[in-house]
Amino acid sequence: MTPFFSRLLSRGAPILGDVRPSDAAAIAAIHGLSFQRGWDEHEVYRLLIEKNVVAHRAVSGRKLIGFIVSRLAAGEAEILSVAIAPAWRGRKLSRQLLDLHLRCLAGLGTRAVFLEVDEHNAPAVRLYRRAGFRDIGRRAGYYQGGANALVLRRDLG
């Protein structure tokens, strides 16, 4: 069997779990590929060691391929970022991470989850709306280049 097919067939379903501070470099790399202004490794590390931060990852083999990060405050959470490595996009991995993350947040007593998303990021907007988030506002010119942000909310119970 060729190495390509061997790698392809050895790819099992990604494993979802908690992020570790040692994942900071991998998260920074994916974030940099996914957003106009990526986080650097030091920023990610500082975020991950905060007691009020909850983060999950998707791993294939030994490689981190996706993540979601939220910050908790007063019974609410704000999703700060969700990103999937380019080669893994379009496989519903972000939905799996979001579902796990929301269940975890609910288990921690979180009553509401908020986030901001570029109104032109159709896949992300679709993901959040399918997951039960609803529009509660808009931030005009929030992103570089002048794109507006939709402010979304989902109640957890």
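The values are calculated or read from the model by the stated rules, or taken from the named source; none is laboratory data. Remember, it's a predicted structure, so these values are computed and weren't measured experimentally. Don't worry about glycine lacking a Cβ; one is built from the backbone with ideal geometry, like all the others, and counts go over all protein chains shown.
All but one of (1) over 26 Å from residue 14 (Cβ atoms); (2) surrounded by 15 or more Cβ atoms within 10 Å (Cβ to Cβ); (3) modelled with pLDDT of 95 or more hold for residue 115, so report the exception by its number.
Just one mismatch for residue 115, condition (1).
Could you tell me whether residue 92 is farther than 23 Å from residue 130 by Cβ and loosely packed, with under 13 Cβ neighbours inside 10 Å?
On the way: farther than 23 Å from residue 130 by Cβ: no; loosely packed, with under 13 Cβ neighbours inside 10 Å: yes.
No; evaluated as a whole, the condition is false for this residue.
Pick from 22, 60, 81: which is hydroxyl-bearing (Ser, Thr, Tyr), out of contact with any His (no Cβ under 6 Å at 6 or more places or on another chain), at pLDDT 95 or above and closer than 28 Å to residue 139 by Cβ? Give the derivation first.
Working: 22 fails: closer than 28 Å to residue 139 by Cβ; 60 fails: closer than 28 Å to residue 139 by Cβ.
Step by step, each of 22, 60, 81 is checked, and only 81 is hydroxyl-bearing (Ser, Thr, Tyr), out of contact with any His (no Cβ under 6 Å at 6 or more places or on another chain), at pLDDT 95 or above and closer than 28 Å to residue 139 by Cβ.
Taking residue 12 as the residue in question, decide whether it is free of Cβ contacts under 8 Å to residues at least 24 places away in the same chain, touching a strand residue (DSSP E or B) at 6+ places or on another chain (Cβ under 9 Å), farther than 16 Å from residue 154 by Cα and exposed (fewer than 14 other Cβ atoms within 10 Å of the Cβ).
no
Could you tell me how many of the residues in the range 68-124 are under 18 Å from residue 57 (Cβ atoms) and of a type in the set (Val, Ile, Thr)?
Matching residues across the range 68-124 total 5.
Looking at the range 143-155 only, could you name the residues that are over 15 Å from residue 81 (Cα atoms), surrounded by 11 or more Cβ atoms within 10 Å (Cβ to Cβ) and not hydrophobic (A, V, I, L, M, F, W, C)?
148, 154, 155
Only one of (1) over 17 Å from the mean Cα position of the chain (by Cα); (2) β-branched (Val, Ile, Thr); (3) not in a strand (DSSP E or B) is not met by residue 125, so which one is it?
(1)
Could you tell me which of the residues 37, 62 is over 27 Å from residue 145 (Cα atoms), loosely packed, with under 14 Cβ neighbours inside 10 Å and either touching a Gly at 6+ places or on another chain (Cβ under 6 Å) or not aliphatic (A, V, I, L, M) (or both)? Write out each step before concluding.
Values: 37 fails: over 27 Å from residue 145 (Cα atoms).
Sole residue among the options that is over 27 Å from residue 145 (Cα atoms), loosely packed, with under 14 Cβ neighbours inside 10 Å and either touching a Gly at 6+ places or on another chain (Cβ under 6 Å) or not aliphatic (A, V, I, L, M) (or both): 62.
Among the numbered criteria (1) closer than 23 Å to residue 46 by Cβ; (2) touching a residue at least 60 places away in the same chain (Cβ under 8 Å), which one does residue 96 miss?
(1) is the only condition that residue 96 fails.
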